[in-house]
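The values are calculated or read from the model by the stated rules, or taken from the named source; none is laboratory data. Computed from a predicted structure; not experimentally measured. Glycine gets a Cβ as well: all are built from the backbone with ideal geometry, and neighbour counts include every protein chain shown.
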Amino acid sequence: MSEKKKQDQEMVYGVHPLHQALALGKRKCHKIVLEKGNPPSRLAPLLELAEKLQTRVETLPPAAFRKKFGKLTHQGIVGYFSPLQTLGLDSLIEQAYQSGPHPALVLADEIQDPQNLGALIRSAWVLGLQGLVLPRHRSAPLNETVAKCSAGAIESLPIACVSNLNQGAETLKEKGFWIVGIDMEGDRPCYEFDFNTPVALIIGGEGKGVRPILKKNCDFTVSIPMAGELDSLNASTAAAIVFYEIQRQRAAGSNSKP
C-alpha cells in the first residue's frame, strides 16, 4: 500500500467498534480483513451488514493474520476506513444547543494516553454529553487505539479540534457556556454544583491536571471527594464521575444555582 493510501485510511478493529463504524456509515469502509476460522456466530450480524453495504471482505489464514495484526486486540477482524472527520467549534456548539437549552461539552486538556482518551469518549457518549473539544497538538491522535477503547463511541460523539484550547474556552463563554474545571482542589464538590446550565468541563491530562492558564479561565472548579489514599483518579475515571453527576442532576431536575 502506498504512503498516500495509508494516510487516507485508518484501521478500526474489534467486533463492536467495527460494527458501529459500519452501521453509522459516517465514513467509507474500504475493506474488512477477517481471520479464517473466526467463530461465525459472533461475526454474523457484522458480516451481514458488510454484505448489505457491499463492503469487500478478505480472509487471511491465522498465521498471516497474526503476523499482520498480532499486537492489536482485534478479535480476529480489522476494517480499513476513511479518516474520522472532526467539526469546527462553532458547528459543535450549534449541534450541542440543538439537543436542548443546557448542553454539556468536555474539553480534554493534553490527554496523551490513547486508552485514556478512548475511555473518556466512551463515557461522554454513554452518559449523555453533547461533544468533545480537543487541541490539535499535544493530544493523543484519534487513532485505532482510541476507537477500540471508546467501544465505537468515537463514531457517534461529535468532536471538534481547535488550535488553542484556551481560546476555545473563551468562544464557549461567549456562546453562553460556564467553564468548569475538574480539579482536586476545586471550589466545591461536584455534587454541590448545579449542572442544569450550558456547561463545558475541562479535564486535565495525565499527571498534570488542568493547566494553570486554563484553570485561570474557569468560571468554577469542582472536586471529586475521595475516601482512599490515592492522590487522584485518571482523567477518564474522574470525567465519568462528573458526567454521571450531570446526568443525575438533570434527571432529578435540580433547582439549585451555581
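Looking only at residues in the stretch 222-258 that are part of a loop (DSSP other than H, G, I, E, B) and modelled with pLDDT of 85 or more, the one that is nearest to LEU105 (Cα to Cα) is ILE224. ASP219 falls short on exactly one of the conditions (1) modelled with pLDDT of 90 or more; (2) of a type outside the set (A, V, I, L, M, F, W, C); (3) within 27 Å of HIS137 (Cβ to Cβ); (4) under 20 Å from the mean Cα position of the chain (by Cα), and that condition is (4). For ARG138, the conditions (1) closer than 17 Å to LEU120 by Cβ; (2) crowded, with 19+ Cβ neighbours inside 10 Å; (3) touching an Asp or Glu at 6+ places or on another chain (Cβ under 9 Å) are fulfilled apart from (2). For the stretch 78-93, which positions are surrounded by 13 or more Cβ atoms within 10 Å (Cβ to Cβ) and at pLDDT 90 or above? Of everything in the stretch 78-93, those that are surrounded by 13 or more Cβ atoms within 10 Å (Cβ to Cβ) and at pLDDT 90 or above turn out to be VAL78, GLY79, TYR80, PHE81, SER82, THR86, LEU87, LEU89, SER91, LEU92, ILE93. For the stretch 148-157, the count of residues that are outside any helix (DSSP H, G or I) and within 19 Å of GLN98 (Cβ to Cβ) is at least one. Going residue by residue through the stretch 171-185, is there one that turns out to be farther than 23 Å from ALA160 by Cα, over 22 Å from the mean Cα position of the chain (by Cα) and in a loop (DSSP other than H, G, I, E, B)? Yes, the stretch 171-185 contains a residue that is farther than 23 Å from ALA160 by Cα, over 22 Å from the mean Cα position of the chain (by Cα) and in a loop (DSSP other than H, G, I, E, B).
Contact map, the stretch 102-117: residues that are charged (D, E, K, R) paired with residues that are crowded, with 23+ Cβ neighbours inside 10 Å and part of a loop (DSSP other than H, G, I, E, B), Cβ distance under 6 Å, separation 6+ or inter-chain. Pairs shown: ASP109/VAL210. Scanning the stretch 1-26 for residues that are at pLDDT 85 or above and assigned to a helix (DSSP H, G or I) gives VAL15, HIS16, PRO17, LEU18, HIS19, GLN20, ALA21, LEU22, ALA23, LEU24. The single residue among ALA151, ALA124, ALA160 that is closer than 20 Å to GLU206 by Cα, of a type in the set (Gly, Ala, Ser) and either surrounded by fewer than 23 Cβ atoms within 10 Å (Cβ to Cβ) or in the same structural domain as ALA240 (by TED's automatic domain parsing) (or both) turns out to be ALA124.
Taking the stretch 27-54, which residues are part of a helix (DSSP H, G or I) and either of a type in the set (Ser, Thr, Tyr) or touching a Gly at 6+ places or on another chain (Cβ under 7 Å) (or both)? The one that is part of a helix (DSSP H, G or I) and either of a type in the set (Ser, Thr, Tyr) or touching a Gly at 6+ places or on another chain (Cβ under 7 Å) (or both): SER41. Given the options LYS52, LYS71, name the one that is closer than 27 Å to GLU206 by Cβ, free of Cβ contacts under 8 Å to residues at least 40 places away in the same chain and not aromatic (Phe, Trp, Tyr). Unique residue meeting the criteria: LYS71. Evaluation of SER99 against the conditions (1) more than 18 Å from ASN196 (Cα to Cα); (2) among the hydroxyl-bearing types (Ser, Thr, Tyr); (3) at pLDDT below 95 shows that the sole unmet condition is (1). Scanning the stretch 95-119 for residues that are part of a helix (DSSP H, G or I) and either farther than 25 Å from LYS215 by Cα or not assigned by TED's automatic domain parsing to the domain that holds PHE243 (or both) returns GLN95, GLN98.
Total residues in the stretch 193-207 satisfying the condition of being in contact (Cβ under 8 Å) with a residue 12 or more places away in the chain, under 18 Å from ALA240 (Cα atoms) and surrounded by fewer than 20 Cβ atoms within 10 Å (Cβ to Cβ): the figure is 3.
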